[in-house]
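Inspection log for the structure reproduced underneath, given as C-alpha cells.
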Amino acid sequence: MSPFENMSTLNVVVGIIFILLTLLLLIPGALASLGNLPGNKWFGLHVPAVRKDRAIWDQAHKVAGPFWVLAGVALAFGAAFSFIASGWMWVLPAVALVAAVVAASLGGNFGARAAAAVEQAREKQADEPKPAVNIDALRRAAGHADEQK
C-alpha cells in the first residue's frame with residue numbers, strides 16, 4: 001500500500017503552502033548567509049540600525065541567514081510529512097511549523113542585536129580621539145633615516 005493512496009486535497013494544499021514558505025525562507029536565508037542579499041524593503045531585517053549602512057546590513061544578515069535556512073529546512077520536512085499525513089501524523093507538520101517560526105524569530109532577533117552591536121561599536125570608534133601626528137617631525141625623522149643609509 002502506497003502512502004500516497006490516502007492523500008487528500010488538504011494534504012496537497014498544506015504541502016504546497018509549506019513548499020512555498022520553504023522557498024521564501026531558504027532563498028533569502030542562503031543569500032543573507034553569503035552576504036549577497038540586496039537591500040530591499042520586502043525581505044530582510046526591518047530595524048533602523050540595519051538600514052543605515054550596507055556593511056551593517058550585510059553583517060546583520062550574515063547572522064540571521066543561517067537561522068532562516070534552518071527554518072526553511074524545518075518547513076521542507078513539514079512539507080514532506082504533510083503530503084502523507086493522516087490522523088496523528090499531522091502533529092509532525094505542526095511541530096515543523098512551530099520549529100520554523102522559532103528559528104526565523106531567533107534569526108531576526110540575533111540579526112537585530114548584531115546590527116545594534118555593530119552600530120554601537122562604530123559610534124564608539126568615531127568618538128575616540130585620534131592620535132595627534134606631528135608631520136614635520138615625521139618628515140625630519142624620515143629624512144634623517146635616509147641620510148644614515
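Listed here are the residues, each with its yes/no results for (1) not basic (Lys, Arg); (2) not in a helix (DSSP H, G or I).
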position	(1), (2)
ALA100	yes, no
VAL133	yes, yes
ARG140	no, no
ASP146	yes, no
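Scanning the range 14-36 for residues that are hydrophobic (A, V, I, L, M, F, W, C) and over 29 Å from ALA94 (Cα atoms) returns a single hit, LEU34.
In this entry, GLY108 passes the filter for residues that are within 30 Å of LEU26 (Cβ to Cβ), out of contact with any strand residue (DSSP E or B) (no Cβ under 8 Å at 6 or more places or on another chain) and in a helix (DSSP H, G or I). The residues listed here are GLY44, GLY65; of these, the one that is free of Cβ contacts under 8 Å to residues at least 60 places away in the same chain, surrounded by 16 or more Cβ atoms within 10 Å (Cβ to Cβ), on the phi > 0 side of the Ramachandran plot and in contact with a helix residue (DSSP H, G or I) (Cβ under 7 Å, 6 or more places away or on another chain) is GLY44.
Between ALA142, ALA55, ALA74, the distinction of being within 30 Å of VAL12 (Cβ to Cβ) and among the small types (Gly, Ala, Ser) belongs to ALA74 only.
You will find that of VAL95, VAL69, VAL91, VAL50, the residue that is among the β-branched types (Val, Ile, Thr), at pLDDT 95 or above and within 12 Å of the chain's Cα centre (by Cα) is VAL69 and no other.
Can you say whether GLY111 is at pLDDT 90 or above, touching a helix residue (DSSP H, G or I) at 6+ places or on another chain (Cβ under 9 Å), crowded, with 16+ Cβ neighbours inside 10 Å and of a type outside the set (Val, Ile, Thr), as far as the supplied structure shows? Judged against the criteria, GLY111 is a match. LEU23 - would you say it is aliphatic (A, V, I, L, M) and within 16 Å of the chain's Cα centre (by Cα)? Taking the combined requirement at face value, the residue satisfies it. Looking across the range 13-60, the residues that are among the hydrophobic types (A, V, I, L, M, F, W, C) and either touching a Phe, Trp or Tyr at 6+ places or on another chain (Cβ under 7 Å) or not in a helix (DSSP H, G or I) (or both) come down to LEU25, ALA32, LEU37, TRP42, PHE43, LEU45, VAL47, VAL50. Scanning the range 1-19 for residues that are surrounded by 12 or more Cβ atoms within 10 Å (Cβ to Cβ) and either closer than 16 Å to LEU75 by Cα or at pLDDT 90 or above (or both) yields LEU10, ASN11, VAL12, VAL14, GLY15, ILE16, ILE17, PHE18, ILE19. Taken over the range 114-149, the criterion of being β-branched (Val, Ile, Thr) and at pLDDT below 85 is satisfied by VAL133, ILE135. Of the residues ALA104, ALA96, which single one is of a type outside the set (Ser, Thr, Tyr), in contact with a Ser or Thr (Cβ under 9 Å, 6 or more places away or on another chain), surrounded by 10 or more Cβ atoms within 10 Å (Cβ to Cβ) and closer than 30 Å to THR22 by Cβ? After applying the criteria, what remains is ALA96.
The values are calculated or read from the model by the stated rules, or taken from the named source; none is laboratory data. Since we're looking at a predicted model, the values are computed, not measured. When we count neighbours, we look across all protein chains shown, and the Cβ atoms used for this are built from the backbone with ideal geometry, even at glycine.
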